[in-house]
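Here is the structure we will look at.
The values are calculated or read from the model by the stated rules, or taken from the named source; none is laboratory data. The shown structure was predicted, so the numbers you read here are calculated from the model rather than taken from an experiment. Note that each Cβ is placed from the backbone with ideal geometry, even for glycine, and that neighbours are counted across all protein chains shown. We work out accessible area using only protein heavy atoms, side chains counted, and drop any ligands, DNA or RNA first. Shrake-Rupley method; radii C 1.70, N 1.55, O 1.52, S 1.80 Å.
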Amino acid sequence: MNNDNKPQIRFKGYNEAWEQRKLGDGLIKEYEERTTKENQYPVLSSTMSGIYFQSEYFNQEVSTITNKGYKVVPLNFVTYRSMSDTDVFHFNVQNIVEKGIVSPAYPVFSTVSNVTNNYFLTYQMNESAYFYKQLQVAKEGGTRYALSYTKLCKLYVYNPSYIEQRKIANLFMTLDDLITLHQQKLDKYKEIKQFLLGKMFV
């Protein structure tokens, strides 16, 4: 891969070139633990908007009759839905419970400690046009698309120093927290508006 997607904005004091590396070249590790009994851990849903408890996301449990043999996703590990009806795959850091479980069809992996920051990596994988172009080539299928963990490992990402990764990840996580906070406030104002309208125009 050539080095034609250099970042246009950098934190002050960080000037080293961003290294291009395959994900499977020491950046991520697959995690294969599975449940050995029913309802061993909460069932999770990995979606385009984040990761949720399945019972809350769908307002009910919608997993199959059995979840024995489901994949375990420890805190701060990454998972994604390997089948997509579109050409988009979304990668989520599991950050809501110590251990959760997902369907066996969902790959689960961790980032290598002090080499790759999980949030930096997933921001890049979800938002980078450079990575998206690779996904278009790697995906398989016709009306539905698949992205196996094996195929994922062959894709390239930019891998700056771990300290710079963490700094970038913290910036975007802070922005996400602010967006969530203001969205909650906006939703509350909408509720107040609807309440007042309902009382005023009876």
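On full extension, the segment bounded by residue 175 and residue 130 gains 14.0 nm, given 0.36 nm per residue less the C-alpha separation. Placing one equal scatterer on every Cα of the range 46-138 and applying the Debye formula, the log10 ratio I(q)/I(0) at q = 0.13, 0.21 Å⁻¹ is -0.47, -1.14. Assuming charge only on the beta carbon of Lys and Arg (+1) and of Asp and Glu (-1), the dipole of the range 85-161 about its Cα centre is about 180 debye to the nearest 20.
When the chain is described by a simple charge dipole with +1 on each Lys and Arg Cβ and -1 on each Asp and Glu Cβ, the residue from 134, 178, 77 located farthest towards its positive end is 178. Of the chymotrypsin sites (Phe, Trp or Tyr not before Pro) in the range 104-155, not one is in a loop by DSSP (not H, G, I, E or B) with at most 14 other beta carbons within 10 Å.
Using the Kirkwood radius over Cα pairs, work out the Stokes-Einstein diffusion coefficient for the range 11-83 at 25 °C and 0.890 mPa s, in µm²/s as a whole number. Walk me through the numbers on the way to the answer.
On the way: Rh = 15.2 Å.
Roughly 161 µm²/s, to the nearest whole number.
Going 7 Å from the Cα of residue 200 along its beta-carbon direction, which residues of the range 175-194 have the amide nitrogen within less than 11 Å of the resulting point? Those under the cut-off are 193-194. Would you work out which of 106, 46, 120 lies farthest towards the positive end of the dipole of the range 43-134, given +1 charges on the beta-carbon of Lys and Arg and -1 on that of Asp and Glu, about the Cα centre? Of the options given, the answer is 106. Once the 1.4 Å probe is applied to the protein heavy atoms, the chain comes out at 61 Å² accessible per residue.
What are the GluC sites (Glu not before Pro) within the range 46-128 that DSSP puts in a loop, where the Cβ has at most 10 other Cβ atoms within 10 Å? Present the calculation step by step, with values, prior to reporting the outcome.
Values: sites: 56, 61, 98, 127; in loops: 61, 98.
In loop regions of the range 46-128 (DSSP not H, G, I, E or B), the sparsely surrounded GluC sites (Glu not before Pro) are 98.
Mind giving me the FRET efficiency for residue 188 and residue 21? R0 is 45 Å, r the Cβ-Cβ distance, nearest 0.05 is fine.
Working: r = 44 Å, r/R0 = 0.98.
Efficiency computed from Cβ-Cβ geometry: 0.50.
Can you tell me how the chain classifies by the Cα gyration tensor, rounded, prolate or oblate, using a/c under 1.5 as the rounded cut? In terms of gyration-tensor shape, oblate. Of the accessible area of the chain, computed with a 1.4 Å probe over protein heavy atoms only, carbon and sulfur atoms account for 55 percent. With θ taken as phi - 60° and the Karplus curve 6.51 cos²θ - 1.76 cosθ + 1.60 applied, the whole-hertz 3J(HN,Hα) list for the range 142-157 is x, 6, 10, 10, 10, 9, 6, 4, 4, 5, 4, 5, 8, 8, 9, 9 Hz, x standing for glycine and proline.
Given +1 at the Cβ of Lys and Arg, -1 at the Cβ of Asp and Glu and no other charges, the dipole of the chain around its Cα centre is 200 debye to the nearest 20.
So what is the relative contact order for the range 45-202, in percent, with contacts set as C-alpha pairs under 8 Å and at least six apart? Please report the intermediate quantities before stating the final value.
Details: 186 pairs, mean separation 30.0, N = 158.
After rounding, I find 19 percent.
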